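Engineer: This is the structure I have questions about; it appears just below.
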Amino acid sequence: GVGLVRQEFVVANHIGIHPNAVLDPEKVSPEARIIINEKSKNDESPKAFFIRRLSEGIGSIAAAFYPRPVIVRLGDFKSNEYRRLVGGEQFEPEEENPMIGLRGASRYLSPEFRGAFELECEALAHVRNKMGLTNVQLMVPFCRTAEGGKKVIKILKEHGLEKGKDGLKIWVMCELPSNVFAIDEFAEVFDGFSIGSNDLTQLVLGVDRDSGILAKLFDEDNTAVKAAIS
């Protein structure tokens, strides 16, 4: 099957619009609104356009490999990356260090961006439940606590993505020290793990992987990193 489908790249390449901008287009600039209206002119609404394009993008990959499993990692853009999408500047905070900021599960659960996550859920539910591509499995990124994982799974279930139903497995990225130290807690919540060595290295060594100044210190073969992985 496919190693990992990164949902945020489907959004960037197939949609190009910030999810909050399709939910609340009146808040974006006139220039952004023109782009949104043009892209969604053949759909009922900008929201419908977003869901259709996301489900088509993921569905085309899942169909190509059916019935082999296709793991879709839920959106993991950082705030600075979301700002680059059309309308993004109106909604995204300017964080000092987006790498450890509002991303992954914490973003899905935040009041400001829960609606954006629900768009993602609707598209994924369409792929599995309407297109019949039940080979799609899900991966939750940057999940800081097991309790946060439970809340994400609850939202997924509310939108037709129930863990265990029709073979749906929900995995979690093991990429935070909290995932390593509390792995038994996370194992009670999720079906399995995938090691995210980039973020794990970043956080074990305290090295911002976006920093060119510290690039030489970013070492996945470091003893501490290998101990966390093992």
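Engineer: Can you name the residue in the range 44-67 that is open to solvent by 20 Å² or more (accessible area, probe 1.4 Å) and in contact with a strand residue (DSSP E or B) (Cβ under 8 Å, 6 or more places away or on another chain) and, of all such residues, is farthest from residue 21 (Cα to Cα)?
Structural biologist: By that ranking, first place goes to 65.
Engineer: Does the range 82-89 contain any residue that is part of a helix (DSSP H, G or I) and either of a type in the set (A, V, I, L, M) or touching a Phe, Trp or Tyr at 6+ places or on another chain (Cβ under 9 Å) (or both)?
Structural biologist: yes
Engineer: Find all pairs meeting these conditions: Cβ atoms under 8 angstrom apart; at least six residues apart or on different chains; first residue within the range 42-69 and without any contact (Cβ under 8 Å) to a residue 24 or more places away in the chain; second residue open to solvent by 70 Å² or more (accessible area, probe 1.4 Å).
Structural biologist: Listed by first residue and then by second, the contacts come to 43/52.
Engineer: Could you count how many residues in the range 144-166 are touching a strand residue (DSSP E or B) at 6+ places or on another chain (Cβ under 8 Å) and either open to solvent by 40 Å² or more (accessible area, probe 1.4 Å) or closer than 15 Å to residue 120 by Cβ (or both)?
Structural biologist: Selection size over the range 144-166: 5.
Engineer: So, residue 170, is that one farther than 20 Å from residue 22 by Cβ, in contact (Cβ under 8 Å) with a residue 12 or more places away in the chain and open to solvent by less than 30 Å² (accessible area, probe 1.4 Å) or not?
Structural biologist: Yes: the conditions hold for residue 170.
Engineer: For the range 186-227, name all the residues that are open to solvent by 60 Å² or more (accessible area, probe 1.4 Å), touching a Ser or Thr at 6+ places or on another chain (Cβ under 9 Å) and in contact (Cβ under 8 Å) with a residue 40 or more places away in the chain.
Structural biologist: 209
Engineer: Here's another thing I want to ask about it. Considering only residues that are modelled with pLDDT of 95 or more and part of a loop (DSSP other than H, G, I, E, B), look in the range 1-40 and name the one that is surrounded by the fewest Cβ atoms within 10 Å (Cβ to Cβ).
Structural biologist: That would be 29.
Engineer: Now for a different question. Please verify whether residue 176 is under 26 Å from residue 60 (Cβ atoms) and open to solvent by less than 50 Å² (accessible area, probe 1.4 Å), treating the condition exactly as stated.
Structural biologist: Against the criterion (under 26 Å from residue 60 (Cβ atoms) and open to solvent by less than 50 Å² (accessible area, probe 1.4 Å)), residue 176 does not qualify.
Engineer: Condition check: surrounded by fewer than 16 Cβ atoms within 10 Å (Cβ to Cβ), at negative phi and not polar (S, T, N, Q). Does residue 96 satisfy that?
Structural biologist: Taking the combined requirement at face value, the residue satisfies it.
The values are calculated or read from the model by the stated rules, or taken from the named source; none is laboratory data. Just so it is clear, the model here is predicted, and its values are computed rather than measured. So basically every Cβ, Gly included, is an ideal-geometry build from the backbone, and we count neighbours across all protein chains shown. Note: accessible area is taken over every heavy atom of the protein model, side chains too, but ligands, DNA and RNA are not part of it. Shrake-Rupley method; radii C 1.70, N 1.55, O 1.52, S 1.80 Å.
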